[in-house]
Amino acid sequence: MTTPTVTARGAAPTAGVPAAARPRYRRRLAQWGFVAPAVLFMLLFFGYPLVRNVVMSFQHYTPKTFFTGEAPLNGFDNWSAVFRDALFGKALWHTLVFTAGSLLGQFCAGLALAVFFTRRFPLNGVLRSLILLPWLVPMVVSGIVWRRILDQDTGVLNSFLDAIGLDGHTPWLTSPHMALLSVILVNIWIGIPFNMVILYGGLQEVPRELYEAAALDGASAWRTFRSITLPTLRPVITVVLVLGFMSTVKILDLILALTDGGPADATQTLGTLTYQNSFVRLDFGAGAVVGNVLILISAVFAVFYLRANRTEGK
C-alpha cells in the first residue's frame, strides 16, 4: 500500500527540484541574492529618476505641480523651446570646449608627472602625496579659493604679475574672452592628480625588460615612449579618458563657484543651464530636456567606448 505524500506549507523552495539539480539551483539563488541589492539600488536611484526625468521633459511641470500634482503633457513643446533658445547652442559649444580642453590638459600633465615619478629620487613619495591635495579638496572649496586667486583687483595672481612687471590687471573671470579659459585651467589643476595616480599605476605594470631591450637597440627616449609606453598603457588611458569625460561633461559646482555661468553666459554649460532652468527659472520641463541631452551625450560616448574595447579584445 502506498502512502500519499503530503507537502507542508513551509516546504523548502527546492522541494519541486530534482535532487541532482538542487546544488546548482541553490547556487543560482545565492548568486541572485548577492546581485539583487545592487539591482534594486540601480532601479531605485538611477532607473526611476531617469524615467521620471524623461517623462518630465514632456510635461508642463511648474512649482504649482508640487501642490496640485497636476503636470499636463505638452508634447514636444519643452524640447522645441530649448532647441530654439540661442543659449542652448552656446552652452553645448562651451560644454564641448570645456570637456575637450580639460581632458587634454589633465591627461597630458598627468602622464608627464606619472612618467616623471617613475624615476627614483629623494622625497618622491612626499611629492606624490602633495600633488594629490587638489583632488582631495571639495570642488566648491577649490572654486572659491581660485575665485579669490583670480580676482582682477585683489587676486594673488594679478598681484604677483604686477610685482614682476607684467600686466597685473587681467580680468581672468570677468572677461567673456578669458573666463572659459580660466575655468578650464582650474579644472585641469583639479584633475591632474587623478590622471597621474591612474597612469602611474599603469606604468608600474610595464615590463622593465621591454625598456632594457629598447636601450640595447639604441632607441631614443621618445621612440621608447611612443613604441612601448603608450601602447602598453592603452587600456589604462581608455579608462582615464572615459572616467574623466563622465565627470567633466556634467560639471556644475566648480563653474557655479567661479563664475556662476557668466560673464554674459561665457561659461554657461549644459550642466549650469540645467540648474538655471530648473532651480532659478523654475522651468522644470526645460531643465529635464537639457538633462536628457547630457544623458544622451554620455550614453553615446559609453557606446563608443564599449565598442572600442570589444574590438580591441578581439
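Starting from residues that are surrounded by 10 or more Cβ atoms within 10 Å (Cβ to Cβ) and in a helix (DSSP H, G or I), keep the ones in the stretch 202-211 and report whichever is nearest to the chain's Cα centre (by Cα).
Ranking the qualifying residues of the stretch 202-211, first place goes to GLY202.
If you go through the stretch 202-225 one residue at a time, do you hit one that is among the aliphatic types (A, V, I, L, M) and in contact with a Pro (Cβ under 6 Å, 6 or more places away or on another chain)? Before the answer, list the steps.
Looking only at the stretch 202-225, we keep the residues that are among the aliphatic types (A, V, I, L, M), and these are 203, 206, 210, 213-216, 219, 221.
Applying the additional criterion that residues be in contact with a Pro (Cβ under 6 Å, 6 or more places away or on another chain) yields none.
Looking for residues that are among the aliphatic types (A, V, I, L, M) and in contact with a Pro (Cβ under 6 Å, 6 or more places away or on another chain), one finds none in the stretch 202-225, hence no.
Can you run down the residue pairs with Cβ atoms below 6 Å, 6 or more apart or on separate chains, where the first is in the stretch 103-130 and closer than 18 Å to ILE228 by Cα and polar (S, T, N, Q) and the partner is at pLDDT 90 or above and open to solvent by less than 70 Å² (accessible area, probe 1.4 Å)?
Partner pairs satisfying both residue conditions: THR118/LEU203.
For MET42, state whether it is of a type in the set (A, V, I, L, M, F, W, C) and at pLDDT 60 or above. Write out each step before concluding.
Numbers: of a type in the set (A, V, I, L, M, F, W, C): yes; at pLDDT 60 or above: yes.
For MET42, the condition - of a type in the set (A, V, I, L, M, F, W, C) and at pLDDT 60 or above - is met.
Got a sec? Which of ALA109, ALA163, ALA114 is out of contact with any Ser or Thr (no Cβ under 8 Å at 6 or more places or on another chain), of a type in the set (Gly, Ala, Ser), open to solvent by 20 Å² or more (accessible area, probe 1.4 Å) and closer than 30 Å to GLU205 by Cα? Can you show your working first?
On the way: ALA163 fails: closer than 30 Å to GLU205 by Cα; ALA114 fails: open to solvent by 20 Å² or more (accessible area, probe 1.4 Å).
The conditions single out ALA109.
Residue under question is SER227, and the condition is that it be touching a residue at least 40 places away in the same chain (Cβ under 8 Å) and hydroxyl-bearing (Ser, Thr, Tyr); does it hold?
Working: touching a residue at least 40 places away in the same chain (Cβ under 8 Å): no; hydroxyl-bearing (Ser, Thr, Tyr): yes.
Taking the combined requirement at face value, the residue does not satisfy it.
Find all pairs meeting these conditions: Cβ atoms under 6 angstrom apart; at least six residues apart or on different chains; first residue within the stretch 273-286 and free of Cβ contacts under 8 Å to residues at least 60 places away in the same chain and under 18 Å from ALA257 (Cβ atoms); second residue assigned to a helix (DSSP H, G or I) and β-branched (Val, Ile, Thr).
Hits for this filter: THR274/VAL290.
Within the bounds of the stretch 294-301, is there any residue that is in a helix (DSSP H, G or I), more than 28 Å from ALA71 (Cα to Cα) and either free of Cβ contacts under 8 Å to residues at least 40 places away in the same chain or of a type outside the set (Gly, Ala, Ser) (or both)?
yes
In the list THR118, THR170, which residue meets the criterion of being farther than 30 Å from LEU233 by Cα, modelled with pLDDT under 90 and of a type in the set (Ser, Thr, Tyr)? Even if it seems obvious, please write down each step before you answer.
Values: THR118 fails: farther than 30 Å from LEU233 by Cα.
Within the list THR118, THR170, the selection yields THR170.
Please work out which residue is nearest to the chain's Cα centre (by Cα), limiting yourself to the stretch 269-314 and to residues that are modelled with pLDDT of 90 or more and among the aromatic types (Phe, Trp, Tyr).
We begin by selecting, within the stretch 269-314, every residue modelled with pLDDT of 90 or more; these are 269-297.
Then drop every residue that is not among the aromatic types (Phe, Trp, Tyr), which leaves 275, 279, 284.
Working: TYR275: 17, PHE279: 22, PHE284: 23 Å.
Only one residue fits best here, namely TYR275.
Among the listed residues GLY244, GLY168, identify the single one that is open to solvent by less than 20 Å² (accessible area, probe 1.4 Å), part of a loop (DSSP other than H, G, I, E, B) and of a type in the set (Gly, Ala, Ser).
Working: GLY244 fails: part of a loop (DSSP other than H, G, I, E, B).
After ruling out the rest, the residue left standing is GLY168.
Please go through (1) closer than 30 Å to VAL137 by Cα; (2) in contact (Cβ under 8 Å) with a residue 12 or more places away in the chain; (3) among the aliphatic types (A, V, I, L, M); (4) part of a helix (DSSP H, G or I) for ALA266 and return the number of the only condition it doesn't satisfy.
Result: ALA266 fails condition (4) only.
Across the stretch 68-82, what is the total count of residues that are under 12 Å from SER57 (Cβ atoms) and surrounded by 11 or more Cβ atoms within 10 Å (Cβ to Cβ)? Show your work before the answer.
Residues of the stretch 68-82 under 12 Å from SER57 (Cβ atoms): 71, 73-82.
Retained after the next criterion (residues that are surrounded by 11 or more Cβ atoms within 10 Å (Cβ to Cβ)): 71, 74, 76-82.
Going through the stretch 68-82 one residue at a time, the tally reaches 9.
When you scan the stretch 38-58, do you find a residue that is open to solvent by 90 Å² or more (accessible area, probe 1.4 Å), without any contact (Cβ under 8 Å) to a residue 40 or more places away in the chain and under 15 Å from LEU282 (Cβ atoms), even just one?
No.
Test ASP151 against the criterion of being at pLDDT below 90 and at negative phi, and give yes or no.
Values: at pLDDT below 90: no; at negative phi: yes.
Answer is no for this residue.
The values are calculated or read from the model by the stated rules, or taken from the named source; none is laboratory data. Because the structure is a prediction, the values reported are computed rather than measured. Counting neighbours? That spans all protein chains shown, and the Cβs are built from the backbone with ideal geometry, glycine included. For the accessible areas, the whole protein counts, side chains as well, though only heavy atoms, and no ligand, DNA or RNA atoms are used. Shrake-Rupley method; radii C 1.70, N 1.55, O 1.52, S 1.80 Å.
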